[in-house]
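Student: The following block contains the structure, expressed as structure tokens.
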């Protein structure tokens, strides 16, 4: 099988360069918002909460907070990356180049996932200034981090392909992702909810992400860690299937 | 025929049901400049976009140097450079980065020397660090050409290359096109400026309503369809055409001062000698005379008009090329 590595490289580089140009904004914004969350939830409110399952509240919210930024930024990066050339029309040159759809996806999603990964690391570093952060299972932590970056960048890529205006580009992250993250146990343990809402929360895919990620830090989780991993893989495969269908049919790319 | 692009029974029906291409059959010869003429919405861009892989064909096949554009898309696209009609460029990257990006997409390693030469040829070298959004329309057009040539294609598609372009760039562009042709590059351009096709093309195809109405060698086309007119100016105006002239295809101007004779250059004899004799015998005195030849534009208007196109929509100035009197 022939692979146009050079094309993947230039798409990846192009997308990374785009982030480099807005480096301050890309890094300062998550650092500031993380710091604010710690001030508000960690110190002001968190000081009145004892511990959750033996973990101080300040520490407890670190994985959820990281996931919140990771999810929104992965989606934003990947969706904008493919949407903008569609919007300006410059996508024509990617479509008329000897590049397979797989290579296009690897270039765009790879760059978006890399940016999110760096962001995740920056947030964790910022958090370590506020709390005494210890990671119980670093390999698992990295695995969850990377899988989340990739799968949500794939999801963002789907949104970018689907969207044919700026409103559509914003609507899913705003109306679906953010509520799911907030209601997926990012800032609380599901066990704190009444039984009915505990059951409802089990249908929230973000719960599995946050829970697995949190387990890798504190060995505390709402659901089994294997289940968490399984759910991320299922989500990742589902995204790949949707993208391969989109590419096969040329959905919103080719007429 | 040594064709580099072979199109067979190509049709395209868009989702809304609009049939943009109808059973197109076309062989594009290696090394030629082919101009595709047609009014807006004729299907020119759809045809080019299909060959380049941007639009999926509904039926039919296209082969580029023997490579099917769908099965062997890598090989076929590798050979093609495309300059699109719209100024479809990003905004925040620099000229230098964007042409490197284009080259990389075609799997080619960096070649700074070649890209420098290319930018210099297109008068873009001093703009290489400029962001694309800061460039004027003409400069953006040059960047699109540079992008299309960045991977050294063997076939270049220029979709309406001179729409909204100033005289200088147009001249530069034709110089580049000629130079590329000399180096063996096949060039296909679409235009609705007939003078362009007339000036630069080897062959001309006319498209309207998704159909290829005609494809001909330019000179043959001009010759084949070219009618000439002899305009005879009279010293004294006449009220009616003399009976002696009734067997000729002539008309009298409103003021009675000019007689126009339309004849076919393909005929064995043009009839000019006998016509002049007849005028003389009718007692009319000549003051001056001139001939005019149908331009490609006249031919085009004629063809497209016959095809049912509303001429009013075209808004094309009718110009005829004037020539000195021919001795027949």
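Student: Which percent, to the nearest 5, of DSSP beta bridges fully inside chain B are antiparallel?
Tutor: On the way: 41 of 59 bridges.
Antiparallel bridges: around 70 percent, rounded to the nearest 5.
Student: Can you tell me which of B:233, B:15, B:131 moves the most in a GNM of chain B? Springs connect C-alpha atoms under 10 Å apart.
Tutor: B:15
Student: Give me the inter-chain shielding for B:59-67: mean count of other chain Cβ atoms within 10 Å, whole number please.
Tutor: Working: counts 0, 0, 0, 0, 0, 0, 0, 0, 0.
Mean partner-chain Cβ count within 10 Å for B:59-67: 0.
Student: Relative contact order for chain B: what is it in percent, counting Cα pairs under 8 Å that are at least 6 residues apart? Spell out each step's value before the answer.
Tutor: Working: 583 pairs, mean separation 59.3, N = 328.
Relative contact order for chain B comes out at 18 percent.
Student: Nearest 5 is fine: what % of DSSP beta bridges in the protein assembly as shown come out antiparallel, could you say?
Tutor: Details: 43 of 61 bridges.
Restricted to the protein assembly as shown, the bridges split so that about 70 percent are antiparallel.
Student: Which value in Å is the Kirkwood Rh of region B:227-293 over different Cα pairs? Walk me through the numbers on the way to the answer.
Tutor: Details: mean 1/r = 0.0836 Å⁻¹.
One decimal place: 12.0 Å for the Kirkwood radius.
Student: If contacts are Cα pairs under 8 angstrom and at least 6 residues apart, what is the relative contact order of region B:227-293 in percent?
Tutor: Values: 106 pairs, mean separation 33.7, N = 67.
Value for region B:227-293: 50 percent.
Student: Then there's this: As a check on your grasp of the helix formula, calculate [θ] at 222 nm for chain B: sum -39500 (n - 2.57) over DSSP H runs of n ≥ 4, divide by the residue count, round to the nearest 500.
Tutor: Numbers: 10 runs with 101 residues, N = 328.
Calculated mean residue ellipticity at 222 nm is -9000 deg cm²/dmol.
Student: Further question: Please arrange A:105, B:222 by counting, for each residue, the other beta carbons lying within 10 Å of its beta carbon, fewest first. Each step should come with its number before you reach the end.
Tutor: Values: A:105 23, B:222 19.
Placing the least packed residue first, the sequence is B:222, A:105.
Student: Using the count of nearby Cβ atoms within 10 Å as a rough guide to exposure, how do B:170, A:48, A:18, A:214 rank from fewest to most?
Tutor: Details: B:170 16, A:48 7, A:18 19, A:214 30.
In increasing order of surrounding Cβ atoms, one gets A:48, B:170, A:18, A:214.
Student: What ranking do B:101, B:106, A:24 get, fewest neighbouring Cβ atoms within 10 angstrom at the top?
Tutor: A:24, B:101, B:106
Student: Continuing with the same structure: Which of rounded, prolate, oblate describes chain A, given a ≥ b ≥ c as roots of the alpha-carbon gyration tensor eigenvalues and a/c under 1.5 marking rounded, otherwise prolate only if a/b is larger than b/c? Spell out each step's value before the answer.
Tutor: Numbers: a/c = 2.10, a/b = 1.77, b/c = 1.18.
Taking the square roots of the gyration eigenvalues as a ≥ b ≥ c, chain A is prolate.
Student: Could I ask something else about it? How big is the C-alpha Rg of region B:120-250 next to the rule-of-thumb value 2.2 N^0.38 Å, as a ratio? Mind showing how you got there, number by number?
Tutor: On the way: Rg = 22.2 Å, N = 131, 2.2 N^0.38 = 14.0 Å.
Output field value: 1.59.
Student: Express in % the proportion of alpha carbon pairs of chain B at distances exceeding 31 Å. Working shown, then result.
Tutor: Working: 23685 of 53628 pairs.
The proportion of pairs with Cα distances above 31 Å equals 44 percent.
Student: Among the DSSP beta bridges whose two residues both lie in region B:137-250, what percent are antiparallel, rounded to the nearest 5?
Tutor: Just about 55 percent of them are antiparallel.
Student: Taking springs between alpha-carbon atoms closer than 10 angstrom, which of A:189, A:90, A:116 fluctuates most in the Gaussian network model of chain A?
Tutor: Highest fluctuation of the listed residues: A:90.
Student: Rounded to the nearest Å, what's the spacing between the alpha carbon centres of region B:207-285 and region A:34-60? Just the number, please.
Tutor: If you average the Cα positions of each part, the centres end up 96 Å apart.
Student: Taking Cα pairs under 8 Å and at least six residues apart, what relative contact order does region A:133-216 come out at, in percent? Could the numbers behind the result be given before it?
Tutor: Details: 41 pairs, mean separation 35.1, N = 84.
Here the relative contact order equals 42 percent.
Student: Further question: For the protein assembly as shown, build the convex hull from the C-alpha positions and give me its volume per residue in Å³. Could you put the intermediate results ahead of the total?
Tutor: On the way: hull volume 112.9 nm³, N = 583.
With only Cα atoms used, the protein assembly as shown gives 194 Å³ per residue.
Student: I would also like to ask the following. Sorted from largest down, what three extents in whole angstroms do the Cα atoms of region A:20-61 have along their principal axes?
Tutor: That works out to 43, 18, 6 Å along the principal axes.
Student: Per DSSP H run of n ≥ 4, the term is -39500 (n - 2.57); total these for chain A, divide by its residue number, and report the mean residue ellipticity at 222 nm rounded to 500 deg cm²/dmol. Don't jump to the answer; show the numbers that get you there.
Tutor: Numbers: 11 runs with 181 residues, N = 255.
So the calculated ellipticity at 222 nm is -23500 deg cm²/dmol.
Student: Considering chain B as a Gaussian network with a 10 Å cut-off on Cα pairs, which listed residue, B:187, B:279, B:80, attains the greatest mean-square fluctuation?
Tutor: The residue that fluctuates most here is B:279.
Quick note: the coordinates plus some simple rules give every number you see, no bench work behind them. Predicted, not measured: the structure shown is a model, and the values here were computed from it. Using ideal geometry, Cβ is built from the backbone for each residue, glycine included, and neighbour counts are taken over all protein chains shown.
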